[in-house]
Amino acid sequence: MGIQTSGNGAVETDCSWMTNSRSTTAAVAKGSSRVKADVLAAAGGITQSANFTVTRYDPYSPAINDPYANLTPLPADMNCATETVKVGGNMVTRTVALTDSSVMSNYFATNGGVTTQTNNCFASISVGSNKTLTLPAGVYYIDAGNVNIQGTLIGNGVTIVLTNKSAALTGVTIGTVDANASGNMLITAPTSGKWAGMAIYQDRRATDVNTPGAGQMNSAAPNKINGNSNSGITGVLYFPNQQLTYNGNGASAFRCTQVVARRVQFSGTSDMKLTDKAGCLGTGVEPVEGGVRVRLVA
């Protein structure tokens, strides 16, 4: 299964949904959930339902190639903020965690009213309940750590890259994103440069974890982003090897939000709108083209 909606909420989009899952139930709507989309397509079968409002179903379609397969973080681009601390009687140098209580001037410089990064790599990002962390524009490489949002994370022209500075192809730790019930993420991706249009990127070396069986949805999957009334992400959410879950708890409108993930689950009790496809020009978010289907006509 690649796409699942559940709960009592609604998801309204003005774009098409596509899953490369070859399951006979590649896209499923459960409970009282309601989905509005242009086309609902799958490499496998689709469980048609009154929960879906679409112009057409397109099962057994050609799979879509990863649109960001050529976008890869490089260790040479990571300028990690470090600190030397005493651990067990030994002095250890480690990468610094970025939090809502961090002394921002240690990692950013402001000249003429313009703030720039002096460090772009951190062990993790965390925002406590009822706290706010505002990130200056830039790319934020998270080295083997997680992003945990219980308060509010704000970033204009920001890309968060969950990666690892190790160059090993396998066996490396790649972090996850968890925004809890009260967590808000207000992120707008940069409009130019290598990471144009990318809001949150998870390294392709991440492994599919907490999954009860191959290709199955799991409410305990690690990456969760809330679609509540105070949240909004403009850009791509890229989790090619793990599940991404949208938890909706209030009416929200995500403008120009593109999701590329191994599995996507929409749940909750809210109305979520991922709309304004026509207004995405200039945001850096590029459309993803579907595969070409060839038919033989006698």
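If the only charges are +1 at each Lys and Arg Cβ and -1 at each Asp and Glu Cβ, what is the size of the charge dipole of the chain around the Cα centre, to the nearest 20 debye? It would help to have the intermediate numbers written out before the result.
Numbers: 20 positive and 16 negative charges, 86 e Å.
For this selection, approximately 420 debye.
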*Over the chain, what is the relative contact order in whole percent, taking alpha-carbon pairs under 8 Å and six or more residues apart?*
16
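Evaluated at 10 °C with a viscosity of 1.306 mPa s, what Stokes-Einstein diffusion coefficient in µm²/s does segment 17-95 have when Rh comes from the Kirkwood expression over alpha-carbon pairs? If you can, show how the numbers build up before the last one.
Numbers: Rh = 16.5 Å.
Approximately 96 µm²/s, per Stokes-Einstein.
Just the number, please: carbon plus sulfur as a percent of the accessible area of segment 99-148, 1.4 Å probe, no ligands or DNA/RNA counted.
Working: 1060 of 2300 Å².
With neighbouring chains kept in place, the figure for segment 99-148 is 46 percent.
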*In angstroms, what radius of gyration and Dmax does the chain have, counting Cα atoms only?*
19.8, 80
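Rounded, prolate or oblate: which fits segment 107-154, taking a ≥ b ≥ c as square roots of the Cα gyration tensor eigenvalues, rounded meaning a/c under 1.5, else prolate when a/b beats b/c? Provide the component values of the computation, followed by the final result.
Numbers: a/c = 3.16, a/b = 1.37, b/c = 2.30.
Because a/c hits 1.5 or more and a/b fails to exceed b/c, segment 107-154 counts as oblate.
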*For segment 46-197, alpha-carbon Rg and Dmax in angstrom*: 19.2, 66
*Over 25 Å between Cα atoms, which of 131/194; 165/194; 36/224 qualify?*
131/194
*Would you list the P(r) distribution for segment 124-185, with all Cα-Cα distances sorted into 10 Å bins from 0 and each bin expressed as a whole %?*
23, 48, 23, 6
*If you count the DSSP beta bridges with both ends in the chain, what percent of them are antiparallel, to the nearest 5?*
10
*Are there trypsin sites (Lys or Arg not before Pro) in segment 1-64 that DSSP puts in a loop and that have at most 15 other Cβ atoms within 10 Å, and which ones?*
22, 30
*Kindly identify segment 7-48 as rounded, prolate or oblate by the Cα gyration tensor criterion: order the square roots of the eigenvalues as a ≥ b ≥ c, call it rounded if a/c is under 1.5, otherwise compare a/b with b/c, prolate if a/b is larger, else oblate.*
oblate
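The values are calculated or read from the model by the stated rules, or taken from the named source; none is laboratory data. Keep in mind the model is a prediction, meaning the values are calculated, not measured. Virtual Cβ from ideal backbone geometry, glycine too; neighbours counted across all protein chains shown. Protein only, heavy atoms only, side chains kept; ligands, DNA and RNA dropped before computing areas. Shrake-Rupley method; radii C 1.70, N 1.55, O 1.52, S 1.80 Å.
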